[in-house]
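Scroll down for the structure; my scribbles are underneath it.
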């Protein structure tokens, strides 16, 4: 897509990606760029409007994040959210300072003036506040359009310049009509049409891939998960037999994973799947490593190395110029601040580009998509439900579900427990009701009693979460009877486990995976 409906300038909020996510739900195409995006690059994208995101900084601090002020002379409608609002007020001569009482959580929005932003919206509706600073003096030519109990300027506008600003976060689910506010801005104020959908995305991406790759071949790393399977299908539509899908068995897979992947590809794609057994290499390099970030980096570097070795076997004439992988937007957000000043949460093995010695150009067609959008894309491509509805499985595999060092005996223990957990979820009908479910081997031993004997064995944690796009999640409220069945089976059938616990942590504050 050459042009963008709404361009979001990122000032570092962990919610920034949700702005684009909500707009896309309405069929309005939005992209996120760093707050320091140049005016030339902004013009090149030809947006119909600009949104300034929230962020952790204070606008009155030295070195506060500030975009090119010429954005106000582009003649485009602008919406500031939280920090974005405070920047706008500061720029137009208002005053922002630390609030005497912070405002975090739900607040009721009192609409006090007519405004297109809140057209057809309910007065007194709940919005989500998250700020320690607030506007004390309005910028020139701005008027208040909404307030809350702690924010006299919860929303303001300069109708003449078409600049709007809100102190709350309309992008989060807690803001009940927040999506409507964003839609009103994009559609009614900016004139964006709701024309973006997965059919258009698929056609556009296939065309782009065909043009980019032309006569060359593409090495595609596949895991059998939704993301890499969709990438492979997309590439197959674009270049047919010039796709070289490679599956690396790193020895960190779930029980029966390799056989399942081979079967899925043979039934659904008319290209042979290349299977590489590199389990010994990975396990040898992980020996003695306990730090989760080191584990991730070792796995990521080894993946690239294995791929290059495999590529050489298929690249005798230099035809393979590209490496494709299923990087998603949440991976990018959590890994590195590629879109702006957002905080790094954890690294992902498939994010951050290729090392200098790698000869391939990276292709990541799903890099700007969320998980549910990827599933919608797969459905558009005609992929079977079995492939699309599989739970996410991390690239580093079971290595980040074992606390501490990774070894064969612990992997086998975890595989058995995980297989029982998933089996019980399938039998009870809960597998399709949760976003992701898995076991974690805690490597924490405790005393137990089995029969007349004292045991001192390991602990398994079972984790199941509900989510929409993976950026936030809540623990699944599984029935106690189901949890009891899972616990009984694991303890009775997996030698070496004498205790099962259930993780009831949501994201945030936790991540879905443990490492």
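Applying the selection to region 61-82, what residues are in contact with a helix residue (DSSP H, G or I) (Cβ under 6 Å, 6 or more places away or on another chain) and either outside any loop (DSSP other than H, G, I, E, B) or under 14 Å from residue 11 (Cα atoms) (or both)?
Those that are in contact with a helix residue (DSSP H, G or I) (Cβ under 6 Å, 6 or more places away or on another chain) and either outside any loop (DSSP other than H, G, I, E, B) or under 14 Å from residue 11 (Cα atoms) (or both): 68, 70, 79, 80.
Does residue 27 count as more than 26 Å from residue 150 (Cα to Cα), surrounded by fewer than 18 Cβ atoms within 10 Å (Cβ to Cβ) and not assigned by TED's automatic domain parsing to the domain that holds residue 373?
Considered against the rule, which asks whether it is more than 26 Å from residue 150 (Cα to Cα), surrounded by fewer than 18 Cβ atoms within 10 Å (Cβ to Cβ) and not assigned by TED's automatic domain parsing to the domain that holds residue 373, residue 27 comes out as yes.
Filtering region 32-46 down to residues that are in contact with a helix residue (DSSP H, G or I) (Cβ under 8 Å, 6 or more places away or on another chain) and buried (at least 17 other Cβ atoms within 10 Å of the Cβ), which residue is nearest to residue 70 (Cα to Cα)?
Step by step, filter region 32-46, then rank; the result is 42.
Please determine, by comparing only the residues of region 495-510 that are farther than 9 Å from residue 460 by Cα and surrounded by 15 or more Cβ atoms within 10 Å (Cβ to Cβ), which one is modelled with the highest pLDDT.
Quick first cut of region 495-510, residues farther than 9 Å from residue 460 by Cα only: 495-496, 503-510.
Subsequent filtering for residues that are surrounded by 15 or more Cβ atoms within 10 Å (Cβ to Cβ) retains 496, 503, 505-507, 510.
On the way: 496: 94, 503: 97, 505: 94, 506: 91, 507: 91, 510: 88.
Residue satisfying both the conditions and the ranking: 503.
Please specify each residue of region 447-483 satisfying the condition of being surrounded by 13 or more Cβ atoms within 10 Å (Cβ to Cβ) and over 20 Å from the mean Cα position of the chain (by Cα).
Answer for region 447-483, where residues must be surrounded by 13 or more Cβ atoms within 10 Å (Cβ to Cβ) and over 20 Å from the mean Cα position of the chain (by Cα): 448, 455, 457, 458, 459, 460, 461, 462, 478, 482, 483.
Checking residue 55 against (1) part of a loop (DSSP other than H, G, I, E, B); (2) in contact with a strand residue (DSSP E or B) (Cβ under 7 Å, 6 or more places away or on another chain): exactly one of these is not met. Which one?
Condition (2) is where residue 55 drops out.
Pull up region 182-195, narrow it to residues that are in a loop (DSSP other than H, G, I, E, B) and in contact with a helix residue (DSSP H, G or I) (Cβ under 8 Å, 6 or more places away or on another chain), then point me to the one that is nearest to residue 365 (Cα to Cα).
Going through the qualifying residues, I end up with 194.
From (1) touching a residue at least 12 places away in the same chain (Cβ under 8 Å); (2) over 29 Å from the mean Cα position of the chain (by Cα), pick out the condition that doesn't hold for residue 214.
Against the list (1) touching a residue at least 12 places away in the same chain (Cβ under 8 Å); (2) over 29 Å from the mean Cα position of the chain (by Cα), residue 214 comes up short only on (1).
Checking the structure you have, find out if any residue of region 254-266 is more than 25 Å from residue 421 (Cα to Cα) and in the same structural domain as residue 239 (by TED's automatic domain parsing).
Yes, that holds for at least one residue.
The values are calculated or read from the model by the stated rules, or taken from the named source; none is laboratory data. For clarity, every value in this text was computed on a predicted model and none was experimentally measured. Heads up, the Cβs are rebuilt from the backbone with ideal geometry, glycines too, and the neighbour counts pull from every protein chain shown.
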